[in-house]
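Reviewing the structure listed below.
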Amino acid sequence: MAEDASLEAAANQPQLEAVDTVSLATEASNPASRNLDQLSASQIVELMNDEDGKVAGAVRKTLPRIAQAVEVITARMQKGGRLVYMGAGTSGRLGVLDAAECPPTFNTSPDQVLGLIAGGPNAMVNAAEAAEDDPALGRQDAAAIGLTENDIVVGLAASGRTPYVIGALQYAREVGAAAIAVTCNSPSALEEVAEITIAPVTGPEVLAGSTRLKAGTAQKMVLNMLSTATMVRLGKTYGNLMVDMRPTNAKLRRRAARIVAEATGQDEMAAMEALEASGGETRTAIVALLAGVTPEAARERLRQANGFVRKALEG
C-alpha cells in the first residue's frame, strides 16, 4: 500500500505543480484593494466588510450542491458511517473546528465527525505548510482511520488543488467512501476526483492570496450547513431546538432547562426536575413531559422513533 501511494503521489505531482496559482481567483490581486497600504483604518475595515458582503451570494449559488451533499452524508451516517473533514492550513482548521463542535451541540460520539489536518494536531496552532504538498500523506491519514464505504470524506481546499486533499479524496473513492469537495475556485483539480463539488467562488481577497478571509468565511458557512442540516435530518432537533445537546457545564445545563421548558410549555423548575429524572437527557425529558410518561417509557419511544422527538410523540 505504501509503495502504491508513493507511485500515486509521483504520478500526480507534475500535474499539480503545473497549475499556475496566479490564474486562481483566490490568488489574484483585487483591484478594489490595490492601494490598501494607503488607506486609513476606517477605510480598510469598510473595504473588508464590503468584500465580505459578497460571500453569502457566492454560497447561495452552491445551495443545490450543498443540499445534495447533506442527503449523501445523512444516508451514510444512518448506516453508521462517519463524516470526515480533511484539509490543510485554514481549510483544515475550519474542518477540525466544525468537527469539534458536533459532540457538545448534537451529542455525537467523538469518532462520528472527525477533522484531519495536514501535519497533524500540531498544525492547528503552528503552520505546517509543507505537509499539504504530499498527496500520499492525505491517503495515509485517510487509511489510518480505517476509512470504509459507509464513510464520507469532505475535502477542504480554497485553491481546489491542494495535493494532500486530492490524495485523500482519491483514496476515499478507491474504498467506496463518498468524496465531497469544498473549494473556492472553479474549475479545479478537486472537481476531477470528487463526486460532489461545492464551489462558492469568492474571488480575489482584499489581501491577495490570504484565503483565511473571504474563502475561509465561505468554507465556514458551507460547513455550518453541512453539519447542521445533516444533524437535523438525523433527528437531533425538535423544531429549531438542539434537543440532543450535552449539558456538561452550568451554562449548558441552564440551556437544556430552557430548551425543555420552551418545548413543553413548562416552567424552568419543572423542566429541571424532568431533566434530573431523565439523567440529563433533553430529548427524554421533553417526551416524558409532553407524552405524560416515565423517562423509561420516553426512552423506549425515542428508540422506536430512531431518536426523532416528533415521531416519538406520535407513538
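The values are calculated or read from the model by the stated rules, or taken from the named source; none is laboratory data. Just so you know, these numbers come straight off a predicted model, no measurement behind them. Note that each Cβ is placed from the backbone with ideal geometry, even for glycine, and that neighbours are counted across all protein chains shown.
The residues of region 242-272 that are of a type outside the set (A, V, I, L, M, F, W, C), over 27 Å from the mean Cα position of the chain (by Cα), over 21 Å from F308 (Cα atoms) and not in a loop (DSSP other than H, G, I, E, B) amount to a single one, E268.
Taken as a whole, region 183-203 holds at least one residue that is crowded, with 18+ Cβ neighbours inside 10 Å, of a type outside the set (D, E), assigned to a helix (DSSP H, G or I) and without any contact (Cβ under 8 Å) to a residue 60 or more places away in the chain. Taking (1) buried (at least 18 other Cβ atoms within 10 Å of the Cβ); (2) closer than 25 Å to E205 by Cβ in turn, G81 satisfies each apart from (2). Every condition in (1) within 16 Å of the chain's Cα centre (by Cα); (2) within 22 Å of E174 (Cβ to Cβ) holds for N150 except the one numbered (1).
Answer yes or no as to whether R246 is closer than 19 Å to T228 by Cβ, charged (D, E, K, R) and at pLDDT below 95. Spelling it out, R246 is indeed closer than 19 Å to T228 by Cβ, charged (D, E, K, R) and at pLDDT below 95.
Sort through V96, V125, V84 and tell me the only one that's in contact with an Asp or Glu (Cβ under 8 Å, 6 or more places away or on another chain), among the aliphatic types (A, V, I, L, M) and assigned by TED's automatic domain parsing to the domain that holds G176. So that I can check it myself, show each step before the final result.
On the way: V96 fails: in contact with an Asp or Glu (Cβ under 8 Å, 6 or more places away or on another chain); V125 fails: in contact with an Asp or Glu (Cβ under 8 Å, 6 or more places away or on another chain).
Just one listed residue meets the conditions, V84.
Residues in region 273-298 that are surrounded by fewer than 19 Cβ atoms within 10 Å (Cβ to Cβ) and under 29 Å from the mean Cα position of the chain (by Cα): G280 alone. Given the criteria surrounded by fewer than 21 Cβ atoms within 10 Å (Cβ to Cβ) and outside any loop (DSSP other than H, G, I, E, B), does M225 qualify? The answer is yes for M225.
Checking each residue in region 273-310 for being within 28 Å of Q78 (Cα to Cα) and not in a helix (DSSP H, G or I) picks out S278, G279, G280, E281, V293, T294, A305, N306, G307, F308.
Inside region 97-111, can you point out the residues that are farther than 19 Å from A143 by Cβ and out of contact with any Phe, Trp or Tyr (no Cβ under 7 Å at 6 or more places or on another chain)? Spell out the reasoning first.
We begin by selecting, within region 97-111, every residue farther than 19 Å from A143 by Cβ; these are 97-98, 100-110.
Across region 97-111, the qualifying residues are L97, A100, E101, C102, P103, P104, T105, F106, N107, T108, S109, P110.
The requirement of being touching a Lys or Arg at 6+ places or on another chain (Cβ under 6 Å) and either β-branched (V, I, T) or modelled with pLDDT under 90 (or both) is fulfilled somewhere in region 143-153, by at least one residue. Scanning region 155-170 for residues that are out of contact with any strand residue (DSSP E or B) (no Cβ under 6 Å at 6 or more places or on another chain) and part of a helix (DSSP H, G or I) gives P163, Y164, I166, G167, Q170. When T217, T230 are checked against the criterion of being among the hydroxyl-bearing types (S, T, Y), touching a strand residue (DSSP E or B) at 6+ places or on another chain (Cβ under 8 Å), in a helix (DSSP H, G or I) and under 25 Å from V59 (Cα atoms), a single residue qualifies: T230.
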